[in-house]
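Engineer: Next up is a structure, given as structure tokens.
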Amino acid sequence: MKPELRFVDRVVIVTGAGAGLGRAYALLFASRGASVVVNDLGGSRHGDGNSSKVADAVVNEIRKNGGKAVANYDSVLDGAKIVKTAIGAFGRIDVIVNNAGILRDKSFSKMSETDWDLVQNVHLKGAFKITQAAWPYFVKQKYGRIIVTASNSGLYGNFGQVNYSAAKMGLIGLANTLAIEGQSKNIHTNIIIPTAASRLTEDVLPPEIFEQLKPELIAPVVVWLCHEKCMENGSIIESALGWAGKCKRRKNYTDCGKSKLYFSHVIRSSGSVLRPNLSSNVTPEDVEERWSAITDMSTAKHFDSIAEVTGEFLVTIDAMKSGNFDPQNSVIVKRSY
Ligand code: NAI
């Protein structure tokens, strides 16, 4: 058995950690020894209002389990204040998980400038502000791990989410460049594309898979990506259901008579199932162990739409129900439909 991945003397900020995915990340980091800043302004799903309750509840839960955490209630737009909370409470900062998010869905013709600006601000500008405030610390200590949270809505588009899709693709651009600028300084930036049951997705995801999409199944992937042993940098990792895979841009061409038209599109690895059945958990060590299968692009394929990607989750659930995957590396070997 692999030794447990620990975060001794590491300080982690998780934004939007009062609920959903962020809460699951904060709890797992703390259980692995990290000191955690639980940031959340406690607003509504559309970004209105604020409350200290959700961040406090997660901090209390961590402390009750014997972990170390402090709350921060600032908006990610006040990134410097959140980093200051980490430095004030724990004296350093090692990891930032940019996770806070809101939705303001409208079809394009009805999208107001306010809906556009609020979504761009929380997702994209918020990640810029907090990451830039932490960057000098990362450079000085020659160490840092950054996660940005993108979405299949950005990769493939999704009706009613022009503001959100644009912000999520903006985050991929941000991460691509941070990965280049940070490489020589041991600062790694990766992108997570989650699909999880939360208040953001309760009326969006198919009910038959909603209860299987636990945020706790994605947290081990994010925790592994932020560990000092993980050398991945600049990658897009998708995860849901206790499965993970890697997405990449691929150059392709189509023949147009005498000339060739070049284009680039996104492909996704077959990835790896990370648990033997639907009732098992996933650990960061499971992710570490299967990393080469997760990132193996040899059988990668292109998806045309978010509906196709969601449909593939049904195949994964079926594979887990029937044990219909290769036990050596957990790649799904047979489709059941
Ligand atoms: P959630 O609504 O459960 O959690 C988001 C948290 O962010 C909330 O607690 C909220 O109060 C907080 N927040 C919002 N604005 C903030 C701000 N300005 N400053 C600080 N905190 C703020 O949502 P969920 O589903 O856990 O989403 C987490 C991230 O994952 C988001 O970035 C979302 O866009 C992304 N995502 C989620 C997917 C899913 O399937 N749940 C799919 C793709 C992306």
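The values are calculated or read from the model by the stated rules, or taken from the named source; none is laboratory data. Bear in mind that the values here come from a model prediction, so they are computed numbers and not experimental data. A quick note on method: Cβ atoms are made from the backbone with ideal geometry, for glycine too, and the neighbour counts reach across all protein chains shown. Accessible surface is based on the protein model in full, side chains and every heavy atom, while ligands, DNA and RNA are left aside. Shrake-Rupley method; radii C 1.70, N 1.55, O 1.52, S 1.80 Å.
Engineer: Would you confirm, using the coordinates I've provided, whether R6 is under 22 Å from H227 (Cα atoms), touching an Asp or Glu at 6+ places or on another chain (Cβ under 8 Å) and more than 9 Å from the ligand (Cβ to nearest atom)?
Structural biologist: no
Engineer: Anything in the range 92-102 that is part of a loop (DSSP other than H, G, I, E, B), among the hydrophobic types (A, V, I, L, M, F, W, C) and crowded, with 23+ Cβ neighbours inside 10 Å? List them, or say none.
Structural biologist: Here is the first cut: in the range 92-102, the ones part of a loop (DSSP other than H, G, I, E, B) are 92-94, 99-102.
Checking the rest, the ones that are also among the hydrophobic types (A, V, I, L, M, F, W, C) come to 93, 100, 102.
Once the filter is applied, which keeps residues that are part of a loop (DSSP other than H, G, I, E, B), among the hydrophobic types (A, V, I, L, M, F, W, C) and crowded, with 23+ Cβ neighbours inside 10 Å, the range 92-102 yields I93, A100.
Engineer: Note down all Cβ pairs under 7 Å where the first residue falls in the range 282-294 and is β-branched (V, I, T), the second is assigned to a helix (DSSP H, G or I) and crowded, with 21+ Cβ neighbours inside 10 Å, and they're at least six residues apart or on different chains.
Structural biologist: That search, which allows pairs on different chains as well, returns V282/L217; V282/P220; T283/P220; V287/P220; V287/V221; V287/W224.
Engineer: In the range 73-83, which residues are open to solvent by 50 Å² or more (accessible area, probe 1.4 Å) and touching a residue at least 12 places away in the same chain (Cβ under 8 Å)? Break it down stepwise before answering.
Structural biologist: First, the residues of the range 73-83 that are open to solvent by 50 Å² or more (accessible area, probe 1.4 Å): 73, 77-78, 80-81.
The answer is Y73, L77, D78, A80.
Engineer: If I ask for residues that are of a type in the set (D, E) and either crowded, with 21+ Cβ neighbours inside 10 Å or within 16 Å of A26 (Cα to Cα) (or both), which ones from the range 43-72 would you list?
Structural biologist: Looking only at the range 43-72, we keep the residues that are of a type in the set (D, E), and these are 48, 56, 61.
Result: D56, E61.
Engineer: Tell me, yes or no, whether the range 203-217 has at least one residue that is touching a Pro at 6+ places or on another chain (Cβ under 6 Å) and either without any contact (Cβ under 8 Å) to a residue 12 or more places away in the chain or buried (at least 16 other Cβ atoms within 10 Å of the Cβ) (or both). Steps first, answer last, please.
Structural biologist: First, the residues of the range 203-217 that are touching a Pro at 6+ places or on another chain (Cβ under 6 Å): none.
Scanning the range 203-217, I find no residue that is touching a Pro at 6+ places or on another chain (Cβ under 6 Å) and either without any contact (Cβ under 8 Å) to a residue 12 or more places away in the chain or buried (at least 16 other Cβ atoms within 10 Å of the Cβ) (or both), so the answer is no.
Engineer: Being open to solvent by less than 10 Å² (accessible area, probe 1.4 Å) and touching a residue at least 60 places away in the same chain (Cβ under 8 Å) narrows it down to one of A134, A167, so name that one. Give the derivation first.
Structural biologist: Working: A167 fails: touching a residue at least 60 places away in the same chain (Cβ under 8 Å).
Checking each option against the conditions leaves just A134.
Engineer: Would you be able to tell me the number of residues in the range 137-157 that are open to solvent by 30 Å² or more (accessible area, probe 1.4 Å) and either over 27 Å from R249 (Cβ atoms) or over 19 Å from the mean Cα position of the chain (by Cα) (or both)?
Structural biologist: Selection size over the range 137-157: 5.
Engineer: Restricting attention to helices (runs of 4 or more DSSP H) lying wholly within the range 107-219, give those where 3 or more residues are away from the ligand (no atom under 13 Å from the Cβ).
Structural biologist: On the way: elements: 113-119, 126-141, 152-156, 162-182, 207-210.
The helices (runs of 4 or more DSSP H) meeting that bar are 113-119, 126-141, 162-182.
Engineer: Going through the range 141-177 one residue at a time, which ones are of a type in the set (D, E, K, R) and at positive phi? Spell out the reasoning first.
Structural biologist: Residues of the range 141-177 that are of a type in the set (D, E, K, R), as a first pass: 142, 145, 168.
Once the filter is applied, which keeps residues that are of a type in the set (D, E, K, R) and at positive phi, the range 141-177 yields only K142.
Engineer: Before we move on, is A34 modelled with pLDDT of 95 or more, within 15 Å of the ligand (Cβ to nearest atom) and either under 21 Å from the mean Cα position of the chain (by Cα) or surrounded by 24 or more Cβ atoms within 10 Å (Cβ to Cβ) (or both)?
Structural biologist: Numbers: modelled with pLDDT of 95 or more: yes; within 15 Å of the ligand (Cβ to nearest atom): no; either under 21 Å from the mean Cα position of the chain (by Cα) or surrounded by 24 or more Cβ atoms within 10 Å (Cβ to Cβ) (or both): yes.
No; evaluated as a whole, the condition is false for this residue.
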